[in-house]
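Let me begin by presenting the structure, written as structure tokens, before commenting on it.
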Amino acid sequence: MGDLLVFVLSGLVSGALYALLATGLVLSYSASGLFNFAHGATAYLCALVFYELHSGLGWPAVPAALLVVCVLAPGLGWGLDRMMFRRLARVGESAQIVATIGLLVALPAAGLWAVELLADAGAPVRPAENQFGLPGVGPSPARSWRLADGVGVDSDQLITWAVTALVAAALWVLLRHTRLGLRLRASVDDRSLTELRGISADRLSSVAWMIASGLAGLAGVLATPLLGLSAHDFTLFLFVSATAAVIGRFASVPLAFAGGLGLGVLQNLVAGYASFAESVTGFRTAVPFLILFGGLLVLTRRARTAGVASADSPPPDHLAGAPWGRRWGVWAAGAGLLCVALYTVTTPFWSGLLAQGLAVGLVFLSFTVVTGLGAMVSLAQATFVTASALVAGLLMSRGWPFVAALAVGTCAAAALGALVALPALRLGGRSLALATLALAFLADQVLFQMRWLRGGDAGWAVPRPVVGPVDLSDDRALGVALVVLIALVAAGLGALRDSPSGRAMLAVRSAPAAAMASGVSVLRTKLLLFTLSAGLAGFGGVMYASYNTRIAATDFTAMTGLVWLAVVVAAGVRRPPYAVVAGLVYAVAPRLLSDWVTESAHLPVILFGLAGLALANDPDGYCAAVPLRWAKRRARAGAGRTAAPRAGTAPGAEPAPPAAPRSGQPSDAAGARPGLPAGVPGPAPSGRAPAPPGTGGTPARRGVVPGPALPAGRGVALELRGIRAGYDGGNVLCGVDLGVRRGEVLAVLGPNGAGKSTACRVAAGLLPATGGSVLVAGRDATRDGPVRRARAGVLLAPEGRGIFPALTLEENLALYLEDAGDRRAVYDRFPRLGERRGVAAGALSGGEQQMLSLAPLLQRPPAVLIADEPSLGLAPRLVEEVYALLAELRGAGCAVLLVEERADAVLGIADSIAFLARGRVSWCGPRAEVDAERLTESYLGVAR
């Protein structure tokens, strides 16, 4: 019993720290959609600063801890959010993972380098790297109390429990009983809808990152007596706490907090009572990673991908279709010059350094396969390198020839890759990255600790081969041989990319659901990619070990693989030559920095980490960005040279106006813009005054005859002028003109794909226009985002219910109606909503959800309401109630832009009708001028 109590109490200490870190992970991920792999590095940096303030500069422990937790950590979170995380939220998930891994690498090195610089300047700092047995916030040495025989607690443990309990209570009060907490939870539920309600999601993201960093700083300070100052241990601590975040499904703070506490206890119980663990070297320390991997497999579900146009579309290849000489000529010439330089101008030292870079580049080519072709982030590449090299070294120690050992080692790495991929490929994105990293740590602590495989602390000798007359013990000969191998591998990858299997891989990368619908096996394709990548990493690993002439189990750890990933992806992971450039930079840059800048080993690590951070600006890497920018510049220059004035037009003169429309074509009425309701004047042609309102609408087609305009005198609340917009470079709207006045309902009709929802998104500020302008109450609001539009009175009720499903009905109302009296008025008007005020909005019926999204607007009507398909999925009786609410809003002076597909449903409420087809307004005018039968039959294909 005493042992059990000891295990539980000590487990609660580590569990409390897991809970703090997991809570921060969930908060930051929920607010920004970004999983921060550098969360543990933030904790380490804060622990380092606390140690230097307390032990080095002599500050009292409590003020030093308060400064770190309440000032430094939140400031770091705010700064990283403003400089990096906001931009990362707009790039692909692969770039997000690698960029935060770069931060994981850079932050500890930056802190240690700062300590070195301060020591050189004479500051009373202490050596900080890998220090253990350090004092915490409490008394030093810690005081101890005995609870029972063999059971005791100390002051550090008590402080950790007490502070964690206070933080848990404070977080509960913040999230459940403050308006800031309500907004944070709303942002977690639906970030874009939060902005449509006039709440800045960016500011909420900053607050969430500040709180998350503060929690990381608190965990770092409290963990100092337990972990000491080891960046490696803090990183491991983070990845274990990620299991608790998985338990909370990256969304629930209470579940993540409870999961962290339970995880600490479970880890201790398994390690303490698993009797078989005594015979398995490293098992006890590997328990957290087993739990992490199992939790990912059991608790993580892939997001639905159906309907997604592109999961991870590659950038345009400006050299596609170019002749071989233009595409590969520069690289071939560079390879030839490098081979010549190895035998002419380089010294033996630099020949060896270049050979090392080429060997690393061969390993880096494996990232081109798994991440460049497959868009999967594998954090186990260093594991495949070590496994292959250890197997090859073991076989060569038994007398096997180099080539045979190389082949078997490569096959062993490929088999290990397949073994890793089989359970992990059902995951994706961050979950796949975490799963492969968990397996990499398992390999480090269990697999590579087996005596028969590791060959003792010294490892295995891997002598360089002799191929015929060529002795690769000469660095120059080895360098040339590696150039040839790299060329062969690059040619093979190019042939693979252009083969049917390669096209299937690209299809799976870009659109998995579409690839599956086309008969491509997504699982088999990903398994092939992962296995091929692991085999290539193993092949490169044996060559790298041959360069070093020896391999030990600790040469290439899982943490080494993180640095490799940051370096190669930052250079450019989609094309093989960029991986080779990354390998050369990885080998040469530290030596150059040591010779010309500083001898500190931390600066190269910082720069490699910052290279990963550059992905926020160039998601495809700096090497790939340079030629792409050159190509764009040449294209712009070529377009400028070929553009010439039209015949009969003087340079700089305005082009001639278009010819008058042929008979039967729609044309503008005098002074009216096409697509605007009659009576709303648009800008007049150059040199002519605008015509007065009321001169008529756009002429109709197929029997719909224009009539008199709506009464003038009411100002235009929202106007779209010549709007062009679309997605991924393709236009959906091609010059749309619409305008709606106060106290008017403008109904926009059209078939699926006409651009109705896109027009709503542009009007609300969710989608920027590529051309034209948006005016709100006469003010140009084209550059305003959704928050400024909402604060100006433009409110979008999006398609599919504008509610926050995880919030209760009362909380949904409170976001829009701060005054409790306004909410009571809503309940008086809609008793059914009052009866269900404590129910989660996602559990309401479709009609109740639509009522919830529109009812509060009656208490505080917006200037403009954009209702996108409000009748979608509702019974006819409920549709009538929704339209009655819209009519009431019109009576309150609200301008309503109503988007529907069904003409018969809106003709009874609309004042004006606009028809949208193929991204253009083909007719617009008063409802009285609409021939409903002909309009429905002609445009919607529904005979009446």
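The values are calculated or read from the model by the stated rules, or taken from the named source; none is laboratory data. This one's a predicted model, so the numbers in the text were calculated from it and none came from an experiment. Heads up, the Cβs are rebuilt from the backbone with ideal geometry, glycines too, and the neighbour counts pull from every protein chain shown.
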>> Just checking, does region 877-895 include any residue being touching a helix residue (DSSP H, G or I) at 6+ places or on another chain (Cβ under 8 Å), closer than 25 Å to Arg191 by Cα and in a loop (DSSP other than H, G, I, E, B)?
In response: no
> Is region 127-145 home to any residue that is more than 15 Å from Glu52 (Cβ to Cβ), hydrophobic (A, V, I, L, M, F, W, C), assigned to a strand (DSSP E or B) and without any contact (Cβ under 8 Å) to a residue 12 or more places away in the chain?
Replying inline: yes
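Could we say that Leu897 is under 22 Å from Arg789 (Cβ atoms), more than 37 Å from the chain's Cα centre (by Cα), surrounded by 14 or more Cβ atoms within 10 Å (Cβ to Cβ) and assigned by TED's automatic domain parsing to the domain that holds Pro786 here?
When the stated conditions are applied, Leu897 does not pass them.
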> Is one or more of the residues making up region 225-238 over 19 Å from Leu34 (Cβ atoms), in contact with a strand residue (DSSP E or B) (Cβ under 7 Å, 6 or more places away or on another chain) and of a type in the set (A, V, I, L, M, F, W, C)?
Replying inline: yes
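Condition check ((1) surrounded by fewer than 24 Cβ atoms within 10 Å (Cβ to Cβ); (2) under 28 Å from Gly785 (Cα atoms); (3) modelled with pLDDT under 80) across all residues:
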site: Ile159; (1), (2), (3): yes, no, no
site: Arg176; (1), (2), (3): yes, no, no
site: Gly181; (1), (2), (3): yes, yes, no
site: Ala186; (1), (2), (3): yes, yes, no
site: Glu195; (1), (2), (3): no, yes, no
site: Ser213; (1), (2), (3): no, yes, no
site: Leu218; (1), (2), (3): no, no, no
site: Ala244; (1), (2), (3): no, no, no
site: Phe257; (1), (2), (3): no, no, no
> Would you call Val71 assigned by TED's automatic domain parsing to the domain that holds Ala231, farther than 15 Å from Pro135 by Cα and surrounded by fewer than 24 Cβ atoms within 10 Å (Cβ to Cβ)?
Replying inline: yes
> Looking at (1) at pLDDT 75 or above; (2) surrounded by fewer than 20 Cβ atoms within 10 Å (Cβ to Cβ); (3) part of a helix (DSSP H, G or I), which is the only condition Pro627 fails?
Replying inline: (1)
> Mind checking which residues of region 404-424 are buried (at least 21 other Cβ atoms within 10 Å of the Cβ) and at pLDDT below 85?
Replying inline: Val420, Ala421, Ala424
> So which pairs qualify, if the first residue must be in region 39-64 and among the charged types (D, E, K, R), the second must be surrounded by 18 or more Cβ atoms within 10 Å (Cβ to Cβ), the Cβ gap must be under 7 Å, and the two must be at least 6 apart or on different chains?
Replying inline: Glu52/Val115; Glu52/Val125; Glu52/Ala128
>> The conditions are (1) modelled with pLDDT of 85 or more; (2) assigned to a loop (DSSP other than H, G, I, E, B); (3) of a type in the set (A, V, I, L, M), and Ala22 fails exactly one of them. Which is it?
In response: (2)
> Scanning region 805-858 for residues that are part of a helix (DSSP H, G or I) and of a type in the set (Lys, Arg), which turns out surrounded by the most Cβ atoms within 10 Å (Cβ to Cβ)?
Replying inline: Arg823
> Do we have Gly771 as at pLDDT below 90 and assigned by TED's automatic domain parsing to the domain that holds Ala928 here?
Replying inline: yes
> Would it be correct to say that Leu767 is in contact with a Lys or Arg (Cβ under 7 Å, 6 or more places away or on another chain) and either aliphatic (A, V, I, L, M) or buried (at least 24 other Cβ atoms within 10 Å of the Cβ) (or both)?
Replying inline: yes
>> If I ask for residues that are of a type in the set (D, E, K, R), more than 15 Å from Leu184 (Cα to Cα) and modelled with pLDDT of 85 or more, which ones from region 800-816 would you list?
In response: Glu810
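Let's see how each residue does on (1) part of a helix (DSSP H, G or I); (2) closer than 29 Å to Leu523 by Cα; (3) touching a residue at least 60 places away in the same chain (Cβ under 8 Å):
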| position | (1), (2), (3) |
| --- | --- |
| Gly456 | no, no, no |
| Pro463 | no, no, yes |
| Ala477 | yes, no, no |
| Leu485 | yes, no, yes |
> Within region 178-193, which residues are part of a helix (DSSP H, G or I) and in contact (Cβ under 8 Å) with a residue 40 or more places away in the chain?
Replying inline: Arg179, Leu182, Arg183, Leu184, Arg185, Ala186, Ser187, Val188, Asp189, Arg191, Ser192, Leu193
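Just to be sure, is Val391 surrounded by 23 or more Cβ atoms within 10 Å (Cβ to Cβ), in the same structural domain as Gly541 (by TED's automatic domain parsing) and not in a helix (DSSP H, G or I)?
Spelling it out, it is not the case that Val391 is surrounded by 23 or more Cβ atoms within 10 Å (Cβ to Cβ), in the same structural domain as Gly541 (by TED's automatic domain parsing) and not in a helix (DSSP H, G or I).
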